[in-house]
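What follows is calculated from the coordinates using simple rules that are stated; it is not laboratory data. Since this is a predicted model, take the numbers as computed values, not measurements. For neighbour counting, all protein chains shown are included, and Cβ atoms are generated from backbone atoms with ideal geometry for every residue, glycine included.
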Amino acid sequence: MTVPSVSFEFFPPKSLEGSFRLWDCVNTLAPLDPSFVSVTYGAGGTTRQLTHEAVTTIHKTSGLNVAAHLTCVDATKAETLQIAQSYADAGVRELVALRGDAPKGASKFTAHPEGFDSSVSLISALADMDAFNIRVGAYPEKHPEAADQAADIAFLKRKIDAGASSAITQFFFEADTFFRFRDACVKAGIDAPIIPGILPVENWAGTQRFAKQCGTHIPQVIQDAFANATRDGTTDLLATAVATELCDDLLQGGVEDLHFYTLNRPELTRDVCHALGVTPKVRLQNVA
Ligand code: FAD
């Protein structure tokens, strides 16, 4: 089996304890030699400064290739581009460009009067800066706001045509969901890589809530298995097995890159990676 190239998503810490947890996460996963790691931008643009600090600190101290998430929410175009410029100035070369969700309390995304009105216009403006490799989000089970999957894929094509180099998907539980989506993207003329997003289930109740919000289907067999594992206190074991099997199916179907939503809990992601043959790289100077 091909050993995949992996990448990891973190969120910015909001407390001292959170900072230590993120640091532990980076230290645990960095030896797996990720192609990049990314740091999210809080819903509603709430972690602007924290994301910036986490990205630039990881960039400076770890040597990892770091991608900063950036959304259109609650900021003027000038403010958003200023954030991007400050990443460029700090030597950060990767962005994940998103429209973002509504701030807390609001039901749907509304553009700031002087802000970017969609991910496409954000991506175009970032591409014009000519400073970044730009990744975007993609939705194998369609975004909840899309009329249908064809419209969603047509919109993804606009994001790629605007200057994105690849897309990272929302999480899903069945490899066939990804393969159907990948085939439909190719048919729609999208030739950019689509990287599956994998969520090792850290918290079953939270995962179910999140899946409902995103429209992610949870097969009955997985629901039953987690109900039983919760009763028996073996959810970590099950989560590792479920994510490893999903990744293995994806690799057998030709996938070469996997992006893990770590939720700043590195153990499950590390164990899944090890099971897939992604093991710590020892630098040669440390061997002699
Ligand atoms: P878009 O692709 O711009 O829009 C989503 C869908 O809505 C489109 O596919 C299209 O079907 C429809 N749509 C939107 N605008 C139009 C239009 N003008 N015309 C026609 N159809 C339209 N959120 C955060 O707040 N912070 C993060 O750090 C973050 N990271 C994420 C990382 C990944 C990999 C993913 C998949 C999602 C992430 N999100 C994050 C969530 C994301 O912000 C939400 O899913 C949001 O609702 C959509 O953002 P987008 O850029 O993917 O949307």
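If you check every pair at least six apart or on different chains, which have Cβ atoms under 6 Å apart with a residue in the stretch 157-181 that is over 16 Å from Cys247 (Cα atoms) first and a residue that is surrounded by fewer than 18 Cβ atoms within 10 Å (Cβ to Cβ) and of a type outside the set (Gly, Ala, Ser) second? If the second residue must be surrounded by fewer than 18 Cβ atoms within 10 Å (Cβ to Cβ) and of a type outside the set (Gly, Ala, Ser), the pairs left are Ser165/Asn133; Ser166/Pro193.
With respect to the conditions (1) buried (at least 23 other Cβ atoms within 10 Å of the Cβ); (2) of a type in the set (Ser, Thr, Tyr); (3) in a helix (DSSP H, G or I), Thr28 falls short on a single one, namely (1).
Only one entry of Thr56, Thr40 meets the criterion of being within 12 Å of the ligand (Cβ to nearest atom), touching a residue at least 24 places away in the same chain (Cβ under 8 Å) and buried (at least 18 other Cβ atoms within 10 Å of the Cβ), and that entry is Thr40.
When Pro144 is tested against the conditions (1) on the phi < 0 side of the Ramachandran plot; (2) more than 12 Å from the ligand (Cβ to nearest atom), the lone failure is (2). Among Phe181, Phe171, which is the only one that is away from the ligand (no atom under 11 Å from the Cβ), under 10 Å from Pro140 (Cβ atoms), crowded, with 22+ Cβ neighbours inside 10 Å and under 18 Å from the mean Cα position of the chain (by Cα)? Answer to the check: Phe181.
Rundown of residues vs (1) in a strand (DSSP E or B); (2) under 30 Å from Ala275 (Cα atoms), yes/no style:
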position	(1), (2)
Met1	no, yes
Ser38	yes, yes
Leu50	no, no
Glu53	no, no
Ile58	no, yes
Thr61	no, yes
Gln85	no, no
Pro113	no, no
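Here Ile153 meets the list (1) away from the ligand (no atom under 12 Å from the Cβ); (2) closer than 26 Å to Pro219 by Cα almost entirely, failing just condition (1). Which ones in the stretch 89-132 are touching an Asp or Glu at 6+ places or on another chain (Cβ under 8 Å) and over 21 Å from Ile153 (Cα atoms)? Those that are touching an Asp or Glu at 6+ places or on another chain (Cβ under 8 Å) and over 21 Å from Ile153 (Cα atoms): Pro103, Ala111, His112, Gly115, Phe132.
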